[in-house]
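Asks: Before anything else, here's the structure in question.
The values are calculated or read from the model by the stated rules, or taken from the named source; none is laboratory data. Being a predicted model, the structure only gives us computed values, none of them experimental. We place every Cβ from the backbone using ideal geometry, glycine too, and count neighbours over all the protein chains shown. To get the accessible areas, we keep the full protein, side chains included, count just its heavy atoms, and leave off ligands, DNA and RNA. Shrake-Rupley method; radii C 1.70, N 1.55, O 1.52, S 1.80 Å.
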Amino acid sequence: MAPTLTDPFARQIDYIRLSVTDRCDLRCYYCMPEGHTDFEAPEDWLSFDEIERVIAAFGRLGVQRVRVTGGEPLVRKNLSELTTRLARLPGITDLSLSSNAVQMERHAQALFDSGVRRLNISLDTLKPERFKAITQGKLDKVIHGLMAAKAAGFAPIKINMVVMRGVNDDELVEMLEFCRQHGFTLRFIETMPMGDTGRNASAQYLPMDEVITTLKQHYSLIPGVMPGGGPARYMQLAGEAMKIGFITPMSQHFCETCNRVRLSVDGTLYMCLGQDHRFALRPLLRAGISDTELEQAIIQAIALKPERHEFSEKPEQVVRFMSMTGG
Ligand code: SAM
Ligand code: SF4
């Protein structure tokens with residue numbers, strides 16, 4: 001029987017989110033503080049060799065799915081060299097990437113050729129001025145990046161829209177029509193109180209039930225399923241293939257089915273987005289531990305996984321903002 005990693009609450013861990021950088025070429029105000037410069041120093045970044053070693057160990061322990069994320073993963077140089085190496089690892093059957101798509105136009109083909117198949121792209125608005133206000137960046141680069149990703153053959157491409165009251169909640173239908181036109185899956189996300197930035201933005205938190213109510217005024221929605229859909233609940237437009245996901249960390253947490261851990265760029269394993277349970281792998285890697293010892297360390301780390309986040313009960317407790325942990 002294939003080995004499995006199981007946490008203290010009998011959840012099987014088969015998914016790792018791998019942050020390859022805590023830097024970003026955007027500054028979404030709910031994610032990264034304005035003027036933030038306290039990034040990890042390059043000597044503390046796991047090298048591609050170290051990342052490959054850790055992911056290979058997870059693969060031997062039964063983890064099948066890897067999502068490359070950040071910060072913005074495309075700002076890490078030669079990313080497709082890393083994804084080529086990860087795609088070849090035994091046991092890793094699903095390699096995906098989360099990106100803001102700012103630099104996707106240049107990298108889409110190489111990433112696809114390296115073995116990445118599924119993409120999540122953040123896009124909160126289709127209005128250039130509003131995009132600038134939310135991210136400090138340029139919308140047209142993202143749109144070009146998205147079109148390049150579509151042309152390269154990625155499927156599915158999921159658009160992640162963080163919905164904020166009074167900021168972009170008037171664009172639900174427009175975004176849905178955009179995704180429908182291009183064959184993208186659309187996922188609406190509730191704002192989480194990650195760090196000061198997320199906490200400030202969560203004042204604009206909009207429960208997904210309100211989003212669903214608005215959409216139902218315009219569309220006939222039926223229950224849908226999405227393979228590998230993770231924590232999102234899916235619906236689809238009646239008579240159409242288009243899927244719409246709703247990610248509800250705030251209004252309806254999904255911790256009982258959590259199957260993942262996160263590896264940050266400095267080699268720390270984080271057990272939960274909303275808790276501080278962690279395990280530092282980098283010192284062990286640099287002290288020369290064996291592969292067997294690395295596997296034992298990972299098993300020890302998984303034993304630390306807490307039952308659930310407490311975003312609603314203790315929003316002040318999450319001091320890390322999203323780009324630090326790896327979203
Ligand atoms: N830079 C890439 C991107 O934007 O897709 C990958 C990393 S980003 C941290 C991953 C996801 O986290 C994005 O979809 C972003 O919208 C989401 N995110 C960041 N801060 C958040 C917050 N406070 N609440 C909810 N989602 C958040
Ligand atoms: Fe960068 Fe992604 Fe955070 Fe926006 S959500 S600041 S694109 S890491």
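Asks: Taking only segment 254-313 into account, find how many residues are outside any helix (DSSP H, G or I), among the charged types (D, E, K, R) and over 18 Å from residue 64 (Cα atoms).
Replies: The total comes to 8.
Asks: Condition test on residue 60, is it away from ligand 1 (no atom under 15 Å from the Cβ), free of Cβ contacts under 8 Å to residues at least 40 places away in the same chain and out of contact with any Asp or Glu (no Cβ under 6 Å at 6 or more places or on another chain)?
Replies: no
Asks: Residue pairs, Cβ under 6 Å, 6 or more apart or interchain, first in segment 74-95 and of a type in the set (Lys, Arg), second modelled with pLDDT of 95 or more. List them.
Replies: So the pair list comes out as 76/20; 76/21; 85/52.
Asks: Another one. Any idea which of (1) closer than 20 Å to residue 97 by Cβ; (2) modelled with pLDDT under 95; (3) open to solvent by 50 Å² or more (accessible area, probe 1.4 Å); (4) of a type in the set (A, V, I, L, M) is the one residue 222 doesn't satisfy?
Replies: (1)
Asks: Now for a different question. Would you be able to tell me the number of residues in segment 15-28 that are surrounded by fewer than 19 Cβ atoms within 10 Å (Cβ to Cβ) and either more than 16 Å from ligand 2 (Cβ to nearest atom) or hydroxyl-bearing (Ser, Thr, Tyr) (or both)?
Replies: Matching residues across segment 15-28 total 0.
Asks: Taking the residues in segment 229-272 that are basic (Lys, Arg) and under 23 Å from residue 76 (Cβ atoms) as candidates, determine which candidate is surrounded by the most Cβ atoms within 10 Å (Cβ to Cβ).
Replies: 262
Asks: Next up: Just to check your reading of the model, which residue among 63, 75 is away from ligand 2 (no atom under 16 Å from the Cβ) and either of a type in the set (Val, Ile, Thr) or open to solvent by 10 Å² or more (accessible area, probe 1.4 Å) (or both)?
Replies: Testing whether each residue is away from ligand 2 (no atom under 16 Å from the Cβ) and either of a type in the set (Val, Ile, Thr) or open to solvent by 10 Å² or more (accessible area, probe 1.4 Å) (or both) leaves just 63.
Asks: What number of residues within segment 233-253 satisfy the criterion of being polar (S, T, N, Q), assigned to a loop (DSSP other than H, G, I, E, B) and over 17 Å from the mean Cα position of the chain (by Cα)?
Replies: Of the residues in that region, 2 qualify.
Asks: Which residue is nearest to ligand 1 (Cβ to nearest atom), if the candidates are limited to segment 87-96 and must be out of contact with any helix residue (DSSP H, G or I) (no Cβ under 6 Å at 6 or more places or on another chain) and assigned to a strand (DSSP E or B)?
Replies: Only one residue fits best here, namely 96.
Asks: Applying the selection to segment 107-126, what residues are part of a helix (DSSP H, G or I) and in contact with a Leu (Cβ under 6 Å, 6 or more places away or on another chain)?
Replies: 107
Asks: Looking at (1) at pLDDT 95 or above; (2) under 25 Å from residue 250 (Cα atoms); (3) away from ligand 2 (no atom under 16 Å from the Cβ), which is the one condition that is false for residue 166?
Replies: Among (1) at pLDDT 95 or above; (2) under 25 Å from residue 250 (Cα atoms); (3) away from ligand 2 (no atom under 16 Å from the Cβ), the lone unmet condition for residue 166 is (1).
Asks: OK, next. Identify, please: which residue in segment 129-154 is in contact with an Asp or Glu (Cβ under 7 Å, 6 or more places away or on another chain) and more than 15 Å from ligand 2 (Cβ to nearest atom) and is, among those, most open to solvent (accessible area, probe 1.4 Å)?
Replies: 144
Asks: Moving on. When you go through (1) within 27 Å of residue 41 (Cβ to Cβ); (2) surrounded by 16 or more Cβ atoms within 10 Å (Cβ to Cβ); (3) away from ligand 2 (no atom under 11 Å from the Cβ) one by one for residue 119, which number turns out not to apply?
Replies: (1)
Asks: If only one of 44, 38, 14, 25 is of a type in the set (Asp, Glu) and within 20 Å of residue 89 (Cβ to Cβ), which one is it?
Replies: Just a single option satisfies the conditions, and that option is 14.
Asks: May I ask you to say which residue of 49, 38 is surrounded by fewer than 20 Cβ atoms within 10 Å (Cβ to Cβ), over 16 Å from residue 114 (Cβ atoms), at pLDDT 95 or above and of a type in the set (Asp, Glu)?
Replies: Just a single option satisfies the conditions, and that option is 49.
Asks: Looking for something more than 9 Å from ligand 1 (Cβ to nearest atom), in a loop (DSSP other than H, G, I, E, B) and in contact with an Asp or Glu (Cβ under 9 Å, 6 or more places away or on another chain) - is there at least one such residue anywhere in segment 63-85?
Replies: yes
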